[in-house]
Structure formats: C-alpha cells, structure tokens
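In what follows, a single structure is set out as structure tokens and then discussed.
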C-alpha cells in the first residue's frame, strides 16, 4: 500500500472529521501525543514478548540456543529471564530488563545484544541520515517544480522516472549499480565501509569512508527521493486549485512568490503527514541496501541474525527499529502541530 | 476619461468538451466615483467578468476585446505593469471568503502583504499600524491581526477581505457576491460597511450579485447579464422597478417588495433553467424561457437598444421598428 | 362501423431486476469511457492481461522440467544461448523458464496476500465506520499500531517465529498491509453512513449486518477495487524483499527468490548478469502496470483525483 493511498485515506478522514476545532493550546496536545507514542511503544514490547517468550514452545531454547545446558545453567537462564513464573511477572521482568538495556545475548558470539546494536548504530545512522537529507531536499524540489509546471517535459520525465524508481525493488537498484560501477567498471568498492587495512584516520580515512559510502548512499537517495517527490507533487497539485492563490495573484505577487509564500507552505503540511506514514519504508530500504553492500550497520546485523537464526538479536533489532519509527513519527507529528495553526486540538 | 471601460469583452474557455463562451461581447463603462451593479443567475458569466478585469483567468481562457483601466488596456499590459495595477489600482473582494484566505498565514500578514509589495518604502511596523487601522474601519479588533482565518466566522472573514481590498487605497473595488453564503443579518451589516467605505473614500465599485434588490439600493447603475451578455443596463432604481427586458423583469419580481400589493399577487419566478453556455439556444438566448417571446426571437439575437434616458435593453420589443410592426399587425 | 383492429398485447414493463441491470451496464460503459482517457492505465491493463495469460500458459511455453536443477544439462552461469535466450543460472537452468514460471509464484503470492489484506482491511474499515465510538476507537488504535511499526522488521520476526513456508509469507504480508486499506475504507464508510438511505433502512428495521453488507459495502466497492489493485503492487514488492532476504521458499522460485539466488551465489554478478537483471525488470514492469491501472481506476471513480495525474 502506497504513501499516496494512505494520503488519500487521511485526507478523506480529515475532510470528514473537521467539525469543531477549538484550539486548546500547545502543551496539552503535545502531552497527548507523547503519551500516545509511549503507549504504542508499550504495545511493541507486549508484541515482542508475546512472539518470543510466549509463542515458542521452549523459550529457553530460543534465548540460549543451547543443545545441552547443565541444570545450573538452565536455572540461571530461568532466573534471569523469569521463565516458569506466571506471565505477568515474566512480562514485568522483561520490561525491567529492557529498560536497563539488557536485551539478552547473541547466539552467535555471546556478546550482549545491546553492545552489538550499539556498535552498529553509527554506520546505519550515517547511511540513512545522509540519504534522507539528500533525498528530502532534492525530492521536494523536484516535486514542487513538477507540480507547478504540470505537464511540462520536466514534469513528465521526472514523474515517469520517479514512478519507475518507486516500482523497483530497492536492493535490485543496488545490485545493478554494484555490478555496473564496482565490478565492471571498478570505480567504487564492492563492499564494506572501510578498506580492510583500516583506511587510516584523518582526511585519508574520511575520503576512504566517503568512497565506500557513495554507492549505498546513492541507491538509498534515489529510492527515497522517488517517494518524496511524488508525495510533494501530489500535495502541491491538490493546493493549486485553492482560492487563496487567486487572491495572492490578484494582489500583484509574482508567480514564484505565490508558489513560495502561499502554495508550498500549505502543501508541505500534508506532505509531512504522508511521509510520516511511510517511515517504515526508510527502514526496509536501509536493511536491504546494507545487505547488498555489506555495510556494517543494523540492517546487516538483522540479516545475519535472520539467517542464523539469532533470536535475541532479532528481538533487539525489532525493538530498536520500532522505537526509531515511533519517535520519528512523534517528532513529525509535533512539527505538524507547531506549524499548522489549524491542528492545535487535543 | 472613464475609470474602467470594457469594450466588447469576450471570454471563451477551452475545455475537454469543446469551447465554452462564458462572456460574449460585453461593453460597460464606469466613471470615477460611480457604482455599478451586475446582476444575473449562476452561469451568466458575471464572475468571469470580474476576474477578467484584472486578467486573473486561467490559461484555458481566451480573452478578446479590451479592458481599459484608466485608459490602459489590461489585457495587453506588460506583466510588470499589470502586477503594479493589481490591488493598487483595482482590487477584488472575492466570493466565498472561506477559502480566499491563506489558512496557515496570520491575518495581519496577509493584509499587510499588498502594502509591502506595492509601497516598498513602508516599514513593517508602519504597515502593521495601517493593518490595525483597516481592521478598525471594518469593525474588527486590532488583535485579530495575530490570529488565523479559521478562528473567524464567515462574516468576519468577509470583513477581512474588505479590509484587505482597501489596503492600497485602490481606485476601483470589484465585489464578487460579497454577501452570498452569509446570514441575512450579517449580509446587511457587510453591505452597509462596503457602501459606507466606498462612499467615504470616493472609490468606484462594481458589485456583482444575483440579488437585484440589494444592487438596486447599493449601486447607482445596474446591468443585468444573461448567458454571457448584458441584456439591460440603466440607473439602478429604474431598472429594478421598470425593467424593459423580460428577464430583468422576472429577476426584479423574484424579490417581492414587502407591502406592495402588486408584487404579492403577481406570478413569480421563471420556468426552466439557465442555459448551458456550451449549448446556447439560437437567436435570443432567453427565448425558451421568455413569457413574451416572438417568432423572430428564435433567429435574431437583438443587440442593446436605447430604452430610455441612459438606458439600454437587448429585447426585440424595445426596438423602434417593433412597435410599428405590432401596430400594423393589429391593424391587419 | 368497424371493430378496432386487433393489436398485439403491449410488451410487459421491464422488471426491477432488468432495470437495475440496465443501469449497471450503463454505469459500466460510462466508467470505461472515463477509464480509457488515461492512456497509461490502458497500457498497464493490456500488459497485465498479457502477463496473466503468460503465467497461466507457463506449461505450454516452457516445460516444467526446466525448473529442475537435477535434470538440467546446460552449462551454469552461461550467457544467452540458443536453448536459453536469457542465459542460465548457477544450476544450469534457463533463466527465461524460471522467469515465466516465477511469474506464477509472484502473482499467486501477490494476489492471495492482497486478498487477505483487503478482506481484513475492508471488514475492519466497515465495522469501524459503522459502529463508531468505542469500537472505532479500539480498531483504529490497532490499525495505527500496525501502521507505525516498520514493515520489514515486523515481517522478519513474524516469518522467523512462524516458520518458513509459502503460507507464512502470504500471511505475513497480508497482516502487515491491511491497515492502509482499513483507513481508507473506514473514511469512505463513514461518509456513506451519513447518507439518507442508510437512515431509511434503519427505520425499516434493518439489522447491523444487513446494513453493512447490503448498503455500505456496495458503495465502498469501487474504492476498494482501486485500493486492491494498488495493494497488489505493494505486496509483490514486499514478497520480493522477503524472498531476497531468505525468507521465501527456495523450492518455489518467485522472482524475488531468483534475485536471492542470483546475488548470493555470486553467479549473477560474475557470470550471467541477465539472471540478476531480468527478474528486476519483470518486477518493475508488473508493479508499474498495477500502479498505473490502480491510478486510472481511482481517477475514473473519483473526479477530484483526476487533477493529480
């Protein structure tokens, strides 16, 4: 289901639910949103708990992957994870453990999951962060230009390209670029984040990092850009028929001013909503791209854990990804409340 | 020199289903300080006319003729000159203020926008003072400038539109159905406001409405439009009480006068629907609904003929040769 | 005076059923006229019809023996050749054969997952829209939760805990995609609920189920249809991703599975690149077609959306 569909649904709802909107102040609505986010996070914990502790027949096995545990070791496991006690107590134990950062130990190398995740956090943030920033700037610009000059060659070409990119499995684009620019024409490295010999610190190290970052970042940027530009274009097209734009023109504003001062700010707001709804898309793009490029981030970690299978790591990664998206949603929601004067309702 | 003169203005829309003539050859004249009302049902082209005055029609519209504002043709002006004339020379109070204001921008900023645009020497602080003064003149408290459009009622939004229209002290204001969609009591308030401000400042005004009775008291002259053409024009009171064109008559009588026996008893209303601009009847476009249509009306579209001092009407019965013909018919 | 001539009895007036069918035919004709205006939608539709025919005709086009690794006699990872126009994979099987048979799997998974998705989504949407208040609130909370939680991690943990199989993949995709449909259908259902004939049917004593099935559902159908088509595009992409990551069924190679094998055996990059490229292009074309058809449907059904294209 696409972001655009979600948008149509959201817009339909807003059309219907507008009713009486009395502004009740910023702090109250913020508190409600934060509370809502925490509740969602709680449900993620419940879900995780259910899936990994309740569902499997032998949770201890999942947690330790042991073939032969001594009685003492088994008792230790049971004690740490509270297995064998009534469910609510287990759940409470689980929550406490999680809040303390104890997410269990990896099957593969016995390291604490939290340490593993911690060490892989930065590469993913670097990759996803750079791509998101680039794709937002470029994508929004393309979308605005396309919508404003609707039907122009620029619009037709950019829409066709973006639709094609959106229809493409993101990892496939990575594979194709990998073959083209790393195998056939060896411009870029084929894998990893640094050269095996470390690359060194300082400028040489950064250069090496950028060299490795180039292709995966390009792939993710293209993939995200397609979605963002289509959303922006669609939002702006919706605004183009608005009466207040005629008022703006009647006042004597130049076309570019009408667009910049009146149309775009109004179109940005629903765009934020739509992008919000598709933040999961960002995550899945990151995971598959890291796999293709052997980028040592959380995505690759998930992939390794997936195939092992390394349940504690999977559990931890799922928790982290969900938390990230929930928080990002919260931030976007807050931004929306701050910037859209119509939305300040409890 | 007249302030505004429309010469044979015609607007045709290009749609997927063909060409639709919305305005078919309208000529009007407005002098300084005059007020003109344009009346007609929906679809008669009056809103298109209003937009054409400032060249605000979409690209799908083909406009021919001339729109002379202070002797300059708006339709052939250079962009820069047009943008300067817009709002500072002539401004528009739009129909449906509900959506004519930017929902995410403060009201004060929207009113100040044309001021800062057309008078670059004005500082933001000075502009804010003028905004406060304008709000006061339309009967709204100055602190409204810090609010947003959705916080206002329909009538209040319309007042904002009026304040905005006055911001650059234009020579002409075009008010397109300024009171439609408002409660009757609010309508009266807003009308009093507009006419008061216009008279006070000596601004010329074109008011567009489907309500002939309102126009007859707020405007000096009145023009009735039907199917893209003016079918009668003259002093407002005369056109309202003694219309010559059958359509104008029907329109006038659609609004009964309280206390007038005659209007109470007279049959009201007109059968049929306004014609589809894409598919107009032959000859006089009113003939299918006309209670006094004649055989010739189906093939001849009568032009505007003098029908009294400073009055014109586009009806075959007004033509000088018509009376003679009917007399000779009776005799024969 | 002559007797009036005998005339044949006048034809019986059309029955209510005949009238409503005539009306439906007219509506369909009008709809098709509107749909035809969108050229990309027509192109997409043609492509999809051709694709479905190809998929159904797979046994005629390429013997299923070509799918068996054990029986293949071709060289592995070879470029295009006479018997294998698109080259071979790591086991020597013809890529073209796999592509044609893979269409079946990909489409099958796509359609069934979509079916699951829209059934759940439509039920949730209509029920939430109809009952309102507490039920609506509760259902929307659940929906929102699914919407917020990121798809791939959720799908991964579900697939891993429930075990590897085609059924699980279908279940997982269906269960992660329904929220989008539910939201859209709910909005439409809420709009339908306010219409007069619902009130009338309630006054006549219609029960909840009757109202929802006989009144709300038919009016929500067109939107549901458009949404279904667009969802298929999404489920095919989702299946591709899951198969690529190794959660698919290697014995029943979908296009995503082909990509998995092509990439991870190294054959795709080093040996026969077409093995890697072809399924991707196939997926792009299919997803694009579904998307264009879905958009054309939406435009034909809702005039307001026409402005966006």
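The values are calculated or read from the model by the stated rules, or taken from the named source; none is laboratory data. Note that the structure is a prediction, hence the values are computed from the model and not measured. Positions of Cβ are backbone-derived with ideal geometry, glycine not excepted, and every protein chain shown enters the neighbour counts.
All but one of (1) more than 11 Å from chain C (Cβ to nearest Cβ); (2) part of a helix (DSSP H, G or I); (3) in contact (Cβ under 8 Å) with a residue 24 or more places away in the chain hold for residue A:188; which doesn't?
Failed condition: (2).
State the number of residues belonging to segment B:36-57 that are closer than 22 Å to residue B:237 by Cα and assigned to a helix (DSSP H, G or I).
Final tally of qualifying residues: 1.
Yes or no, residue by residue, for (1) in contact (Cβ under 8 Å) with a residue 40 or more places away in the chain; (2) part of a loop (DSSP other than H, G, I, E, B); (3) more than 7 Å from chain A (Cβ to nearest Cβ):
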position: B:98; (1), (2), (3): yes, no, yes
position: B:102; (1), (2), (3): yes, yes, no
position: B:105; (1), (2), (3): yes, yes, yes
position: B:109; (1), (2), (3): no, no, yes
position: B:112; (1), (2), (3): yes, no, yes
position: B:115; (1), (2), (3): yes, no, yes
position: B:121; (1), (2), (3): no, yes, yes
position: B:127; (1), (2), (3): no, no, yes
position: B:130; (1), (2), (3): no, no, yes
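Condition test on residue A:216, is it within 27 Å of residue B:55 (Cα to Cα) and either part of a helix (DSSP H, G or I) or touching a helix residue (DSSP H, G or I) at 6+ places or on another chain (Cβ under 8 Å) (or both)? Can you show your working first?
Working: within 27 Å of residue B:55 (Cα to Cα): no; either part of a helix (DSSP H, G or I) or touching a helix residue (DSSP H, G or I) at 6+ places or on another chain (Cβ under 8 Å) (or both): yes.
For residue A:216, the condition - within 27 Å of residue B:55 (Cα to Cα) and either part of a helix (DSSP H, G or I) or touching a helix residue (DSSP H, G or I) at 6+ places or on another chain (Cβ under 8 Å) (or both) - is not met.
Identify, please: which residue in segment A:302-313 is farther than 20 Å from residue A:97 by Cβ and assigned to a helix (DSSP H, G or I) and is, among those, farthest from the other protein chains (Cβ to nearest Cβ)? Reasoning before the result, please.
Taking segment A:302-313 first, the residues farther than 20 Å from residue A:97 by Cβ are A:302-304, A:306-309.
Pick out the ones that are also assigned to a helix (DSSP H, G or I) and you get A:302-304, A:306-307.
Details: A:302: 7, A:303: 6, A:304: 11, A:306: 6, A:307: 6 Å.
For segment A:302-313, the residue satisfying everything is A:304.
Is there a residue being within 12 Å of chain A (Cβ to nearest Cβ), assigned to a loop (DSSP other than H, G, I, E, B) and in contact (Cβ under 8 Å) with a residue 24 or more places away in the chain anywhere in segment B:65-85?
no
Residue check, residue B:141 against (1) within 12 Å of chain A (Cβ to nearest Cβ); (2) at pLDDT 90 or above; (3) in contact with a helix residue (DSSP H, G or I) (Cβ under 8 Å, 6 or more places away or on another chain), all met but one. Which one?
Condition not satisfied by residue B:141: (1).
Which of the residues spanning segment B:159-187 are assigned to a loop (DSSP other than H, G, I, E, B) and within 19 Å of residue B:119 (Cα to Cα)?
Initial filter on segment B:159-187 (assigned to a loop (DSSP other than H, G, I, E, B)): B:167-171, B:177-183.
Those that are assigned to a loop (DSSP other than H, G, I, E, B) and within 19 Å of residue B:119 (Cα to Cα): B:167, B:168, B:169, B:170, B:171.
Restricted to segment B:22-44, and to residues that are farther than 23 Å from residue B:89 by Cα and surrounded by 19 or more Cβ atoms within 10 Å (Cβ to Cβ), which residue is nearest to the chain's Cα centre (by Cα)? Quick ask: steps written out before the conclusion?
Taking segment B:22-44 as the starting set, the residues that turn out to be farther than 23 Å from residue B:89 by Cα are B:22-25, B:39-44.
Those left that are additionally surrounded by 19 or more Cβ atoms within 10 Å (Cβ to Cβ): B:22-24, B:39-40, B:44.
Values: B:22: 14, B:23: 13, B:24: 15, B:39: 7, B:40: 9, B:44: 11 Å.
Checking each candidate, the answer is B:39.
Is it true that residue A:282 is part of a helix (DSSP H, G or I) and closer than 30 Å to residue A:179 by Cα? Even if it seems obvious, please write down each step before you answer.
Numbers: part of a helix (DSSP H, G or I): yes; closer than 30 Å to residue A:179 by Cα: yes.
So residue A:282 fits the description; yes.
Is at least one residue of segment B:210-220 part of a strand (DSSP E or B) and within 12 Å of the chain's Cα centre (by Cα)? First the steps, then the outcome.
Just the residues of segment B:210-220 that are part of a strand (DSSP E or B), to begin with: none.
Taking every residue of segment B:210-220 in turn, none turns out to be part of a strand (DSSP E or B) and within 12 Å of the chain's Cα centre (by Cα).
Assess whether residue C:100 counts as being under 27 Å from residue C:165 (Cβ atoms) and surrounded by 23 or more Cβ atoms within 10 Å (Cβ to Cβ).
No; evaluated as a whole, the condition is false for this residue.
Exactly one condition in (1) modelled with pLDDT under 90; (2) touching a helix residue (DSSP H, G or I) at 6+ places or on another chain (Cβ under 7 Å); (3) more than 10 Å from chain A (Cβ to nearest Cβ) is not met by residue B:60; state its number.
Going through the list (1) modelled with pLDDT under 90; (2) touching a helix residue (DSSP H, G or I) at 6+ places or on another chain (Cβ under 7 Å); (3) more than 10 Å from chain A (Cβ to nearest Cβ), residue B:60 breaks only (2).
Given the conditions (1) in a helix (DSSP H, G or I); (2) at positive phi, which single one is not true for residue C:92?
So residue C:92 meets the others, but not (1).
Return the residues of segment C:129-175 that are more than 21 Å from residue C:114 (Cα to Cα), in a helix (DSSP H, G or I) and more than 9 Å from every other protein chain (Cβ to nearest Cβ); say none if nothing qualifies.
Across segment C:129-175, the qualifying residues are C:129, C:130, C:131, C:133, C:134, C:135, C:136, C:137, C:138.
Among the residues of segment A:95-148, write down those that are buried (at least 17 other Cβ atoms within 10 Å of the Cβ) and outside any helix (DSSP H, G or I).
A:103, A:104, A:105, A:106, A:107
Return the residues of segment A:314-332 that are more than 7 Å from chain C (Cβ to nearest Cβ) and under 19 Å from residue A:110 (Cβ atoms); say none if nothing qualifies.
Residues satisfying the conditions are A:315, A:316.
Considering only helices (runs of 4 or more DSSP H) fully contained in segment C:184-272, which possess at least 3 residues that are within 30 Å of residue A:302 (Cα to Cα) and within 14 Å of another protein chain (Cβ to nearest Cβ)? I'd like the intermediate steps shown before the answer.
Details: elements: C:196-203, C:217-244, C:255-264.
Of the helices (runs of 4 or more DSSP H) lying wholly inside segment C:184-272, those with at least 3 residues that are within 30 Å of residue A:302 (Cα to Cα) and within 14 Å of another protein chain (Cβ to nearest Cβ) span C:217-244, C:255-264.
Are any residues in segment C:158-168 touching a helix residue (DSSP H, G or I) at 6+ places or on another chain (Cβ under 6 Å) and over 16 Å from residue A:288 (Cβ atoms), and if so, which ones? Working first, answer last.
Quick first cut of segment C:158-168, residues touching a helix residue (DSSP H, G or I) at 6+ places or on another chain (Cβ under 6 Å) only: C:158-159, C:161-162, C:168.
Matches in segment C:158-168: C:158, C:161, C:162, C:168.
Restricted to segment A:149-172, and to residues that are more than 11 Å from chain C (Cβ to nearest Cβ) and outside any helix (DSSP H, G or I), which residue is farthest from residue C:260 (Cα to Cα)?
For segment A:149-172, the residue satisfying everything is A:149.
Kindly evaluate residue B:190 against the criterion of being out of contact with any helix residue (DSSP H, G or I) (no Cβ under 8 Å at 6 or more places or on another chain), part of a helix (DSSP H, G or I) and modelled with pLDDT under 90. So that I can check it myself, show each step before the final result.
Numbers: out of contact with any helix residue (DSSP H, G or I) (no Cβ under 8 Å at 6 or more places or on another chain): no; part of a helix (DSSP H, G or I): yes; modelled with pLDDT under 90: yes.
Here the answer is no, as residue B:190 does not meet what is asked.
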